[in-house]
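Undergrad: Okay, here's the structure, questions in a sec.
The values are calculated or read from the model by the stated rules, or taken from the named source; none is laboratory data. Keep in mind the model is a prediction, meaning the values are calculated, not measured. As a convention, Cβ positions derive from the backbone with ideal geometry for all residues, glycine included, and neighbour counts pool all protein chains shown. Keep in mind that these areas ignore ligands, DNA and RNA; they rest on the heavy atoms of the full protein, side chains included. Shrake-Rupley method; radii C 1.70, N 1.55, O 1.52, S 1.80 Å.
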Amino acid sequence: MIDITKYLENFSLDKGNSLFYEKVKTRIEYYQYNNQSIPKYINEYWTAKQRQSNPIHEISYRACFKAQLPRFFIELLTNENDIVYDPFSGRGTTALEAALLNRRFIANDINPLSEILLKPRVQPPTLNEIAKRLNSL
Ligand SMILES: C[S@@+](CC[C@H](N)C(=O)[O-])C[C@H]1O[C@@H](n2cnc3c(N)ncnc32)[C@H](O)[C@@H]1O
């Protein structure tokens, strides 16, 4: 597993193209709180390129976040087959992204709609099941 402090300290953003290229290093500012020095890491960690995500996420849900946000932390902090847990799953962005990255997941939410939105995308029904359901309707 990665040391997140070292990752943030050593991160530099590759910006621009072949003509105008620069490496933007992380800037660190320190705040004093209760005799402790708290670092604040300043850089662009979540770039426009990273914000492009799998279209399977595109279901509207209140206050959902972009899939690349959980992807950033899942890639940083877990390995394949690890379990990712989201107790406030919503439309299932984190769970779905975990599945796309070959992680196992646990997701729950007080809203029963959450399971309805996530389940068919991680366990799609077979054509037979769909036909059966349509016939029953
Ligand atoms: C901001 S949404 C999460 C959206 C999610 N990150 C996504 O991208 O789809 C917060 C979720 O927390 C759920 N929630 C609120 N209180 C809860 C509770 N006590 N237990 C479980 N879920 C809860 C809400 O139903 C809602 O779906």
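Undergrad: Below 8 Å, C-alpha to C-alpha, sequence gap of six or more: please give me the relative contact order for region 1-94 in percent.
TA: 23
Undergrad: Enumerate the aspartates and glutamates that Lys119 could reach by cross-link, defined here as Cα to Cα under 17 Å, with residues fewer than 8 away along the same chain left out.
TA: Glu58, Asp86, Glu97, Asp109, Glu129
Undergrad: A further question follows. Can you give me the relative contact order of region 51-135 as a percent, contacts being Cα pairs under 8 Å and 6 or more apart?
TA: Here the relative contact order equals 25 percent.
Undergrad: Another question, then. If the only charges are +1 at each Lys and Arg Cβ and -1 at each Asp and Glu Cβ, what is the size of the charge dipole of the chain around the Cα centre, to the nearest 20 debye?
TA: For the chain, the charge dipole is close to 300 debye.
Undergrad: So, one more: In square angstrom, rounded to the nearest 10, how much accessible surface does Glu80 have for a 1.4 Å probe?
TA: 110
Undergrad: While we're on this one: Which order do Phe72, Phe105 take by accessible area at a 1.4 Å probe, largest first?
TA: Per-residue accessible area, sorted high to low, gives Phe105, Phe72.
Undergrad: Here's a follow-up. Between Gln123 and Ile2, take the C-beta separation as r, use R0 = 30 Å, and let me know the FRET efficiency to the nearest 0.05.
TA: Taking R0 as 30 Å, the efficiency between Gln123 and Ile2 is 0.45.
Undergrad: Assuming R0 = 22 Å, what is the FRET efficiency of Asn54 and Ile106, from their Cβ-Cβ distance, to the nearest 0.05?
TA: With R0 = 22 Å, the Cβ-Cβ based efficiency is 0.60.
Undergrad: Please give me the summed charge of the neighbours of Ala63: other residues whose Cβ is under 15 Å from its Cβ, Lys and Arg +1, Asp and Glu -1.
TA: Once positives and negatives cancel, what remains is +1.
Undergrad: Which percentage, to the nearest 5, of the DSSP beta bridges contained in the chain is antiparallel?
TA: The antiparallel fraction comes to roughly 75 percent.
Undergrad: Could you calculate the FRET efficiency of Asn34 with Phe11 from 1/(1 + (r/R0)^6), where r is the beta carbon distance between them and R0 is 41 Å, rounded to 0.05?
TA: 0.90
Undergrad: Count charges around Ile42 for me, please; just the other residues with Cβ under 14 Å from its Cβ, Lys/Arg as +1, Asp/Glu as -1.
TA: In short, 0.
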